[in-house]
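Enquirer: Supplied in structure tokens, the structure appears directly below.
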């Protein structure tokens, strides 16, 4: 895993600028740096060495030096691709997957992307055609941002790297805030900052003369109508599930450094850990976090699996104070407002792992999205049932089964959740039926926006942007298929794989690999009949059936336990200088994003009332407001491009 940068038509002092752009995210690649410069293109690279430790410095070129690449990520099927390319006459000088990537592009052009099994963001400069080719992996595991103005084009793995160039404007986009306070994140290609965009997952881009001339998808989230779904026996589907996931793990263990695994105590990471331990590495190193707050702590399940598998395990217990102290660091790495503090524990877990000299871990992300594991999928199923069977007296039992952790008072639980699940025929016909309640509840926090911000983003503006990302015929799909698309299109790539994934891991020079998001696994899962994903209210049914013989029953049967930080204890249990300053009336007025009076009313509820039980929406409002203020403080008010010093460059290619 690495960091990449580049400038088409860089102008004068290109070497100094590109080295400073690398320097600001040196944590992405602390092992080696490199750059390429000619009259029109400048490429930069910061390397975290994982494959080809001694000969993998970038940029790397093809045989005749006409193509140059900077690459962030891994191509897991590179040994097989290399054999094929050698049979076609390609000559290799290194043992890296980077060199395989440039040769396969040389052989197949843009069609090469369909042959890659990996997680990647890369740029290839054709010095003869004067053409820049950029691409990003299918689900957006690796980031890639860009800024274009006149005939000048810049790209980078992180937005802060673009901001090192003083000509790139730094301004928080009101429409981005509206999207975050609706969907929990921005809608690709928009980012938090005006005029800075990200290349959508599964897309490539071609740039000539500093301008984007082509941008197309090479992959889309698969969809199979019911008549095209798998028609085999359950036993055959279970066998196929096992073999695909096992092979996805096998190729993701390819590395020239040790590979560990995260262990959360949930089903998905338990499957990954058990398969590695039993099939590939019986001395596996595993890492986990626990919490000071007992309601969210899962160490009992983690320790049970560690004992069951005999892994060499390290754990970290995270306090409320840890979350408070590290929250600003996480905002710096995520480069966007957050509505939850969950990325902070993941940042500290990555730090623990790196301190134990591991550069690579496998994780369980993606299983919930592709195998139907989230409560939001089951909620939609229940609401549809309620619409069809309004007189059913089994509804309260369904709610208690789905939400055992929400309320300890059953009567209150039934009353609130029955209101939550109320549904009309009009609701069911909504293309966003599964997610509408979540989005409407979250968007209530627009009430904290300042008048100027509200006037610039009318209500439902975010909906219109979402419509641009929908595939043709989306409204005709069944409810679960629509819900899975929305989770993968919005939440997976822009939050889970970003704020809780790449950004906090690479902030500690750690690479995450996600077997459940192997494109073969995704495609197969989307062909499964829905009844094999969610049977009744039993989520991820086929995963549980496939791996029930290697996972303890207590983990197979345990309910999902989402993490929710206690906001009052984290931010208001004692004096906190940065919270007090950033949420003061004076600073809220200065930044101009939020209404000071309404925000003060909310803050005082958290600060002064021991008996105040915040709703999830109120907690998200507080975290969202605070993180936006931190973002402004870091990137708008106090971002000093002059303080970023150039790095010593290990590999220099100058062609002028």
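The values are calculated or read from the model by the stated rules, or taken from the named source; none is laboratory data. These numbers were taken from a predicted model, which means no experiment stands behind them. Counting neighbours? That spans all protein chains shown, and the Cβs are built from the backbone with ideal geometry, glycine included.
Enquirer: Can you pull out the residues in region 309-324 that are within 24 Å of residue 548 (Cα to Cα) and buried (at least 17 other Cβ atoms within 10 Å of the Cβ)?
Expert: If the condition is that a residue be within 24 Å of residue 548 (Cα to Cα) and buried (at least 17 other Cβ atoms within 10 Å of the Cβ), then 309, 311, 313 are the ones that fit.
Rundown of residues vs (1) out of contact with any helix residue (DSSP H, G or I) (no Cβ under 6 Å at 6 or more places or on another chain); (2) buried (at least 19 other Cβ atoms within 10 Å of the Cβ); (3) free of Cβ contacts under 8 Å to residues at least 24 places away in the same chain; (4) not in a loop (DSSP other than H, G, I, E, B), yes/no style:
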position: 201; (1), (2), (3), (4): no, yes, no, no
position: 207; (1), (2), (3), (4): yes, yes, no, yes
position: 212; (1), (2), (3), (4): yes, no, no, yes
position: 231; (1), (2), (3), (4): yes, no, yes, no
position: 254; (1), (2), (3), (4): yes, no, no, no
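Enquirer: Considering only region 328-359, how many residues are surrounded by fewer than 24 Cβ atoms within 10 Å (Cβ to Cβ), closer than 20 Å to residue 284 by Cα and in contact with a strand residue (DSSP E or B) (Cβ under 7 Å, 6 or more places away or on another chain)?
Expert: 4
Enquirer: Residue 398 is checked against (1) at pLDDT 65 or above; (2) closer than 20 Å to residue 182 by Cα and fails just one. What number does that condition carry?
Expert: Single failed check for residue 398: (2).
Per-residue answers, yes or no, for (1) buried (at least 20 other Cβ atoms within 10 Å of the Cβ); (2) closer than 21 Å to residue 181 by Cβ; (3) outside the structural domain of residue 327 (by TED's automatic domain parsing); (4) in contact with a helix residue (DSSP H, G or I) (Cβ under 7 Å, 6 or more places away or on another chain):
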position	(1), (2), (3), (4)
532	yes, no, no, yes
535	no, no, no, yes
543	yes, no, no, yes
575	no, no, yes, no
581	no, no, yes, yes
589	no, yes, yes, yes
597	no, yes, yes, no
614	no, yes, yes, yes
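Enquirer: Can you tell me which residue is surrounded by the most Cβ atoms within 10 Å (Cβ to Cβ) among those in region 438-456 that are within 27 Å of residue 533 (Cβ to Cβ) and touching a residue at least 24 places away in the same chain (Cβ under 8 Å)?
Expert: 442
Enquirer: Inspect all residues belonging to region 267-286 and state whether any of them is within 23 Å of residue 559 (Cβ to Cβ) and part of a loop (DSSP other than H, G, I, E, B).
Expert: no
Enquirer: Taking the conditions exactly as written (surrounded by fewer than 21 Cβ atoms within 10 Å (Cβ to Cβ), closer than 22 Å to residue 497 by Cα and out of contact with any strand residue (DSSP E or B) (no Cβ under 6 Å at 6 or more places or on another chain)), does residue 219 satisfy them or not?
Expert: Yes, satisfied.
Enquirer: Taking residue 53 as the residue in question, decide whether it is in contact (Cβ under 8 Å) with a residue 60 or more places away in the chain and not assigned by TED's automatic domain parsing to the domain that holds residue 249.
Expert: yes
Enquirer: Quickly run through region 347-384 and pick out the residues that are farther than 25 Å from residue 485 by Cβ and within 15 Å of the chain's Cα centre (by Cα).
Expert: 347, 350, 362
Enquirer: One residue is enough: does region 457-475 have a residue meeting the conditions within 25 Å of residue 333 (Cα to Cα), under 23 Å from the mean Cα position of the chain (by Cα), outside the structural domain of residue 270 (by TED's automatic domain parsing) and crowded, with 17+ Cβ neighbours inside 10 Å?
Expert: Within region 457-475, one or more residues are within 25 Å of residue 333 (Cα to Cα), under 23 Å from the mean Cα position of the chain (by Cα), outside the structural domain of residue 270 (by TED's automatic domain parsing) and crowded, with 17+ Cβ neighbours inside 10 Å.
Enquirer: For residue 92, state whether it is free of Cβ contacts under 8 Å to residues at least 60 places away in the same chain and within 21 Å of residue 249 (Cα to Cα).
Expert: No, not satisfied.
Enquirer: Residues in region 294-302: is at least one under 14 Å from residue 361 (Cα atoms) and surrounded by fewer than 19 Cβ atoms within 10 Å (Cβ to Cβ)?
Expert: Within region 294-302, not a single residue is under 14 Å from residue 361 (Cα atoms) and surrounded by fewer than 19 Cβ atoms within 10 Å (Cβ to Cβ).
Enquirer: Additional query: Within region 8-31, how many residues are touching a residue at least 40 places away in the same chain (Cβ under 8 Å) and out of contact with any strand residue (DSSP E or B) (no Cβ under 8 Å at 6 or more places or on another chain)?
Expert: 5
Residue-wise test of (1) farther than 24 Å from residue 28 by Cβ; (2) buried (at least 23 other Cβ atoms within 10 Å of the Cβ).
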| position | (1), (2) |
| --- | --- |
| 148 | no, no |
| 153 | no, yes |
| 160 | no, no |
| 177 | yes, yes |
| 183 | yes, yes |
| 193 | no, yes |
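Enquirer: Are there helices (runs of 4 or more DSSP H) fully within region 500-600 with at least 1 residues that are touching a residue at least 24 places away in the same chain (Cβ under 8 Å) and within 20 Å of the chain's Cα centre (by Cα)? List them.
Expert: 503-506, 519-527
Enquirer: Hey, can you tell me all the residues within region 60-100 that are under 20 Å from residue 515 (Cα atoms) and either buried (at least 19 other Cβ atoms within 10 Å of the Cβ) or in contact with a helix residue (DSSP H, G or I) (Cβ under 8 Å, 6 or more places away or on another chain) (or both)?
Expert: Of everything in region 60-100, those that are under 20 Å from residue 515 (Cα atoms) and either buried (at least 19 other Cβ atoms within 10 Å of the Cβ) or in contact with a helix residue (DSSP H, G or I) (Cβ under 8 Å, 6 or more places away or on another chain) (or both) turn out to be 72, 73, 74, 75, 76, 77, 78, 81, 97.
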